Amino acid sequence: MPSQETTGVALKLATLQLCGCSGCHISLLDVGQSLIDLVKNKQIQIKYSQILMDVKNLEEKIDILLVEGCVLTEHDEEILKDYTELAEKIVAVGSCACFGGPAAIANQFGRADVLKIMFPDSTFSLISNVPSHNLPTIHEFACPINIFVDVDFYVPGCPPESEILRDFLTAIVKGKGSFGYVKTVCDECPCKRTGESPSEIKRIIDVATLEPDKCLVEQGIICMGKMTMGGCGAKCPKAGAPCEGCRGFSLSLKEVSPSDAPEIKKALISSTERKNR
Amino acid sequence: MTKTVYIDPATRVEGHAKLNIQFNDAGAFEKVEFQCYEPPRGFERLFIGMIGEEVPRLAAKICGICYSAHCVAAVQAIENAWGVEPPEDAIKLRELMLLANLLQSHILHFTFLAMPDFLCDNPQEKNFVGLLNKHKELVEASVKLRAVGQKLTEILGGRQIHPATVVPGGMTKSLNKDEVEKITANINEAKVLVETLKNCAEKVMEAKASLLEKFGKIDSHFLCLRQKQHLTLCNADLELSTRDGRIIVMKPEKYSKLVRERVVDYSFIKQPYLDETGLEDGLIRVGPLARVNRCEWNNKLLRKFDKAFPRPSQSTLAYNIARTIEIEECLKRIEEVINDGVGKHVRETVKPREGHGVGIVEAPRGLLFHCYSTDRQGIVTEANVIAPTTQNALAIEKSAEAAARERFAGKAYERITRDDLDSIEMVVRAYDPCLSCSVHLVRIKRGL
Ligand code: SF4
Ligand code: SF4
Ligand code: SF4
């Protein structure tokens, strides 16, 4: 990847929204003045961004394509493939593009089941009530973009914090694609841990007074910090809320199983035993 | 042969939509279809089977622009189902979250999405980069103002986007002294910055008075939460103002009795309308114009608005000015709540029970409803979301049609220009449509 700093030519960039919530685009905007400066100093040049400018179609070669959202329709798939052809590097921005995101959680129910709830009169095999005139076909599964195209960089998070996107843009202008990597959210969480397992698992609505400086898991609340890729600065636990794993599984996990968090596993077992008694 | 001109995709709007402008055999303009091709992501299905306390955080992810509105409406609905009253201070924190969210969303729309239409001439320059060359001050003030909104959301919700702190029974954190000071400092800074936006709105109002008043104008009913002495985003009655000037106040739960919806085969958005008057006369609108039409705030820009668009105003493009008025009122209200003080008691334990609940807030784009049923353990058995853009869907289409009718009067299909099409898009943009949200509505059932 050529570095903008050595060539002096502005990096041509496009942002593409597939099936997502726009949160990743908003986080990109939250980069704020640093983003404005990159544009003003002609370090980057935005060639296409449906949410920000009026260019209806990307028709030229670009250096970097930032993709938000998963692939859920025929249209998502086509436009992703077309734009990938034009781009030197593809970046999956956010957990939808990286892993599928919320839409992919619904994969377990089957698309027909999901659509039946939206348009209640449709039957399983013949989705007659789902509007279809001139509309793209909806795929059975919501998929991350790497099912369809080769991805060069992954920037997970729901959405990735704007600090992360800022660092990413700055790195890419320098010709680098990677930057700091934190193994897990626990690694950057300031909450104190004693290593004890909680005696039982509780629902957060059962405990109104959580100790703010103590690990949530040790207080019986399930927190995904230990399995989740770090980088966000453990924002949720810092605000007293458990990590819900929005950045995806930590790369340090060998396999994803409850044995990765033995204290949760132990507490779950003891909670179940107590209930069964 | 009938002909169709497509505006595809609609740009400077959130999500995926196009406008299909149709002409008859003789080449004369016929109608507009507002086609949303954003697929439903399936949230209504996802919620089913979840424990109620997990719903607000997932609900936020319905929309990356009005996350806090979804989060708060969802938690209200769950609490309503369980018969729970959160502590006073938690209600204050949630109101602050809604206000902070409105601040960032409105500024995003006003400066980055709407103003290029009014301040930039060259089509290639109608975006924030073009604006940056000519109106650097406006862009830089807006960047800072948006950052204020996001900083507040981060303080209140733990994160700038998709907040984490909202749980049934209250909030996981309150505000400490440092945070209150930070908020106050930010608001003080914002109060200065907002002048740039107000000046800009005033200038646009003067320079384009008749365009703003007339273009894309339609005749509709309006729905909003009853506005108090301050910008009111939650905890208020529902107010319907009809086209013939009646004001009807009711409990928000009555919404389902008011509207019917139609499904059109060309769009994933359904189109609600006022049942009482039927489809033809039943257009409803929600959002900044609906709220400003019914407010009595002490606001200088509002007095100018009154002169330009006598209330109740039906001018579609006046939405843009209404938004600016709200930005200022929003800052005032944040200050009021903060000065009033937020205490430390922000959460109580909660016992789930079998029930059905409704949550209603004013999102930046208008009324937002969340409804859930849960079983005895608090597991969701039914979910329903009605987003503001859905309620505006029919009005968006009709406004675009009104604009097209004016532009294409006596003009043949062959003579359409880019400028014509851009102007129609500008009318759609006035609603600040948010399409990711809008397709997540489900059915409007009698008795919600
Ligand atoms: S990753 Fe999260 S923020 Fe980004 S589009 Fe998906 S749901 Fe929205
Ligand atoms: S489990 Fe959660 S609360 Fe505990 S240390 Fe890890 S991230 Fe922090
Ligand atoms: S703490 Fe967990 S849920 Fe919160 S932002 Fe970080 S990875 Fe996402």
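At-a-glance table
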| item | result |
| --- | --- |
| Within the stretch B:148-181, considering residues that are open to solvent by 40 Å² or more (accessible area, probe 1.4 Å) and under 21 Å from the mean Cα position of the chain (by Cα), the one nearest to the other protein chains (Cβ to nearest Cβ) | B:Glu154 |
| Residue selected from the stretch B:108-147 under the condition open to solvent by less than 40 Å² (accessible area, probe 1.4 Å) and outside any helix (DSSP H, G or I), by the criterion nearest to A:Lys40 (Cα to Cα) | B:Asn127 |
| Residue match in the stretch A:201-224 (condition: out of contact with any Lys or Arg (no Cβ under 7 Å at 6 or more places or on another chain) and within 16 Å of ligand 1 (Cβ to nearest atom)) | yes |
| Residue that is nearest to ligand 1 (Cβ to nearest atom) [pool: residues in the stretch A:87-116 that are open to solvent by 40 Å² or more (accessible area, probe 1.4 Å) and not acidic (Asp, Glu)] | A:Phe99 |
| Residues of the stretch A:147-184 satisfying the condition of being surrounded by fewer than 16 Cβ atoms within 10 Å (Cβ to Cβ), in contact with a helix residue (DSSP H, G or I) (Cβ under 8 Å, 6 or more places away or on another chain) and assigned to a helix (DSSP H, G or I) | A:Thr170 |
| Residue in the stretch B:275-286 that is crowded, with 20+ Cβ neighbours inside 10 Å and either within 14 Å of another protein chain (Cβ to nearest Cβ) or part of a strand (DSSP E or B) (or both) present | yes |
| First in the stretch A:140-164 and within 14 Å of chain B (Cβ to nearest Cβ), second anywhere and within 16 Å of ligand 3 (Cβ to nearest atom) and of a type in the set (D, E, K, R), Cβ under 6 Å, 6 or more apart | A:Pro156/A:Arg247; A:Gly157/A:Arg247; A:Ser162/A:Asp30 |
| Those residues of the stretch A:185-216 which are open to solvent by 70 Å² or more (accessible area, probe 1.4 Å) and among the hydroxyl-bearing types (Ser, Thr, Tyr), in sequence order | A:Thr194, A:Ser199, A:Thr209 |
| Condition broken by A:Gly240, with the remaining ones in (1) within 16 Å of ligand 3 (Cβ to nearest atom); (2) on the phi > 0 side of the Ramachandran plot; (3) touching a helix residue (DSSP H, G or I) at 6+ places or on another chain (Cβ under 8 Å) satisfied | (3) |
| Residue that is nearest to B:Lys214 (Cα to Cα) [pool: residues in the stretch B:312-353 that are among the hydroxyl-bearing types (Ser, Thr, Tyr) and assigned to a helix (DSSP H, G or I)] | B:Tyr319 |
| Residues of the stretch A:230-246 that turn out to be surrounded by fewer than 23 Cβ atoms within 10 Å (Cβ to Cβ), outside any helix (DSSP H, G or I) and either within 16 Å of ligand 1 (Cβ to nearest atom) or at the interface with chain B (Cβ under 7 Å from one of its Cβ atoms) (or both), as a count | 3 |
| Residue tally, condition outside any strand (DSSP E or B), more than 17 Å from B:Glu414 (Cβ to Cβ) and aliphatic (A, V, I, L, M), over the stretch B:5-34 | 2 |
| Criterion violated by A:Tyr83 - all others in (1) free of Cβ contacts under 8 Å to residues at least 40 places away in the same chain; (2) out of contact with any Lys or Arg (no Cβ under 7 Å at 6 or more places or on another chain); (3) not in a strand (DSSP E or B) satisfied | (1) |
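Matching residues to (1) more than 10 Å from every other protein chain (Cβ to nearest Cβ); (2) within 16 Å of ligand 3 (Cβ to nearest atom); (3) within 30 Å of B:Leu211 (Cβ to Cβ):
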position: B:Glu38; (1), (2), (3): no, no, yes
position: B:Arg41; (1), (2), (3): no, no, no
position: B:Ile65; (1), (2), (3): no, no, yes
position: B:Leu98; (1), (2), (3): yes, no, no
position: B:Pro116; (1), (2), (3): no, no, yes
position: B:Asn122; (1), (2), (3): yes, no, yes
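The values are calculated or read from the model by the stated rules, or taken from the named source; none is laboratory data. Note that the structure is predicted; figures quoted are calculated from it, not measured. Positions of Cβ are generated from backbone atoms using ideal geometry, with glycine treated the same way; all protein chains shown enter the neighbour counts. Just the protein is used for accessible areas: all its heavy atoms, side chains included, with ligands, DNA and RNA removed. Shrake-Rupley method; radii C 1.70, N 1.55, O 1.52, S 1.80 Å.
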